[in-house]
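The values are calculated or read from the model by the stated rules, or taken from the named source; none is laboratory data. Here the structure is a predicted model, which is why all the values come from computation and not from measurement. FYI the Cβ positions are ideal-geometry reconstructions off the backbone, even for glycines, and counts take in every protein chain you see. In case anyone asks, the SASA skips ligands and DNA or RNA and just uses the protein heavy atoms, side chains included. Shrake-Rupley method; radii C 1.70, N 1.55, O 1.52, S 1.80 Å.
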Amino acid sequence: MNKVCVPASGEPLSTPQPISLREAFWFWLKLGFISFGGPAGQISIMHQELVERRRWISERRFLHALNYCMLLPGPEAQQLATYIGWLMHRTWGGVIAGALFVLPSLFILIALSWMYIAFGEVPAVAGIFYGIKPAVTAIVVQAAHRIGSRALKNNWLWAIAAASFTAIFALNVPFPLIVLGAAVIGYVGGRLAPEKFRAGGDSAAKKSYGPALIDDDTPPPDHARFNWLKLLAITLTGAALWALPMTILTTLFGWEGTLTQMSWFFTKAALLTFGGAYAVLPYVYQGAVSHYGWLTPTQMIDGLALGETTPGPLIMVVAFVAFVGAYVSQVFGPDQVFLAGAVAAALVTWFTFLPSFLFILAGGPLVESTHNELKFTAPLTAITAAVVGVILNLACFFGYHVLWPTGFSGHLDWPSALIAIAAAIALFRFKRGVIQVLLACALVGMVVHLLR
């Protein structure tokens, strides 16, 4: 029986009425347009709306879902929305929740990417990006600090972080090999020194906001119980949803075609996003900038800035990368550059997020039943530690290109350095939000650029 919460008014709160799929649709659509602030902000919004205000799910169940979403590769906030939608309304509920978390951001980024590539040389627009770039550098440093303060709990994990930074910074080791190496270290370390690789368990819910629709003692619905036949069916469906568009692209453009290679590359990226979007950005940079040459280092920084200022997961920066790459490459010819960019952005969004849906819909029950077993969590603990070193390398990369735009042989860009320092102070000392910092730095950058 659900517990009854008695607030200060003395009147007990009743259990919310069941929510229809139609009602849930409109909520998830609204969430897609207001989910600013990166994973922390998005998870906070969902907690306020779903746990505190609407009481669709209890805090304990919410935290339990969040804990195992954070063990998976992919954007944890989008996966959490998918999980709750799936728990409430089966497969279609999960698909709707996860898709609406992403689609508004896709359309907004297509529009912003076109404005950037078409009008980026306009002085006012160039000034805005001049101010945003050093702010992005400070934001990435903050991300490394935030993840590191949570993940690096002992000297073993610090050593893994330092080794991953050295590997990617000094030796240019590919990101997938760093992830694989960290996983092996974590697996072995979990057996030899289990106390060093033990992840935190479920946090106990400390507040009750009243009885919830899915409460602490609500049994899992039938569709949330592990079943081998369901797992096989969803896995085969997911494989078909990946293989069909990939086959069409290969047939139309060949395996070496730009759209085909983008789809393949971002499929791999989707499977490597342990630790959030900041962790996979170095891999995206290595491939999109260094290997394929789809965009320049400066454009990559600008794309991250746009991703920070739009709702939805930060990994949606892949839509910007694809748009710019296909637009500049004129995949459909010189008269269809916008269409090429829009199609590329939509394709890579499909291939980037398809694995996230499969991890929840197919693997959710299995992961949930095993996520407290050390042999599964220890490799992920080591991977998270390695991610800290990789993100720190990304900050160094951004800082180099922003502060020394012509290389170390040139001069230090003092205005950019001062903007970066001010942004870091605002983020670390005064705890300002990312959007506030970006807007302030954009304004300062525009003034500096126009006065030059």
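Using only Cα coordinates, the Kirkwood hydrodynamic radius of the range 208-297 works out to 16.8 Å.
Tell me, what does the Kirkwood hydrodynamic radius of the range 89-154 come to in angstroms if you use every pair of distinct C-alpha atoms?
Values: mean 1/r = 0.0647 Å⁻¹.
Roughly 15.4 Å, rounded to one decimal.
Using the Karplus relation 6.51 cos²θ - 1.76 cosθ + 1.60 with θ = phi - 60°, the per-residue 3J(HN,Hα) values for the range 236-248 come to 5, 5, x, 4, 5, 5, 7, 6, 4, x, 5, 5, 4 Hz, with x marking Gly and Pro. Peptides 417-423, 220-226, 55-61 ordered by packing proxy, namely the average of other Cβ atoms within 10 Å per residue, highest first: 55-61, 417-423, 220-226.
Across 401, 291, 145, 89, the residue with the most accessible area heads the list, and the full order at a 1.4 Å probe is 291, 145, 401, 89. How high is the FRET efficiency from residue 184 to residue 53, r the C-beta distance, R0 35 Å, rounded to 0.05? Efficiency, from the Cβ-Cβ distance: 0.20. The simple Förster model, with R0 at 51 Å and r as the Cβ-Cβ distance, assigns residue 122 and residue 237 a FRET efficiency of 0.65.
3J(HN,Hα) along the range 418-429: 5, 5, 4, 5, 4, 5, 5, 4, 4, 6, 7, 7 Hz, from the Karplus curve 6.51 cos²θ - 1.76 cosθ + 1.60 with θ = phi - 60°, whole Hz, x for Gly and Pro. Dividing the mean sequence gap of close Cα pairs (under 8 Å, 6+ apart) by how many residues the range 74-174 holds gives a relative contact order of 12 percent. Excluding ligands, DNA and RNA, the accessible surface per residue across the chain is 46 Å² with a 1.4 Å probe.
How high is the relative contact order of the chain, given as a whole-number percent (alpha carbon pairs under 8 Å, six or more residues apart)? Provide the component values of the computation, followed by the final result.
Values: 679 pairs, mean separation 143.7, N = 452.
Relative contact order for the chain comes out at 32 percent.
Taking θ as phi - 60° and the Karplus parameters 6.51, -1.76 and 1.60, the scalar couplings of the range 406-411 work out to 9, x, 4, 6, x, 8 Hz in sequence order, x denoting glycine and proline. Amide H contacts of residue 57 (H built 1.01 Å from N, in plane; Pro and chain starts excluded): 213, 214 sit under 5 Å, all sequence-distant by 5 or more or on other chains. Put a dot 7 Å past the Cα of residue 115, heading toward its Cβ, do the same for residue 17, and the two dots end up 4.1 nm apart.
Counting only protein chains, not ligands or nucleic acids, how are 115, 88, 46 ordered by accessible area (probe 1.4 Å), most first? Working shown, then result.
Details: 115 95, 88 35, 46 0 Å².
Descending order: 115, 88, 46.
Split the accessible area of the chain by element, probe 1.4 Å, and carbon with sulfur accounts for 67%.
Ranked from largest to smallest solvent-accessible area, with a 1.4 Å probe on the protein heavy atoms, 398, 408 come out as 408, 398.
Rolling a 1.4 Å probe over the protein chains gives residue 335 an accessible area of about 140 Å².
Distance distribution note for the chain: the fraction of Cα pairs above 40 angstrom is 19%. Remark: the range 371-452 projects, on average over all directions, an area of 7.9 nm² (convex hull of Cα atoms). Taking label points 7 Å from Cα along the Cα-to-Cβ direction, residue 291 and residue 336 give a separation of 2.7 nm.
At 222 nm, what value in deg cm²/dmol follows for the chain if DSSP H runs of at least 4 each add -39500 (n - 2.57) and the sum is divided by all its residues, to the nearest 500?
Numbers: 17 runs with 308 residues, N = 452.
Calculated from helices alone, the mean residue ellipticity at 222 nm is -23000 deg cm²/dmol.
Restricting the range 304-391 to GluC sites (Glu not before Pro) that sit in a DSSP loop and have at most 16 other Cβ atoms within 10 Å of their own Cβ leaves 373.
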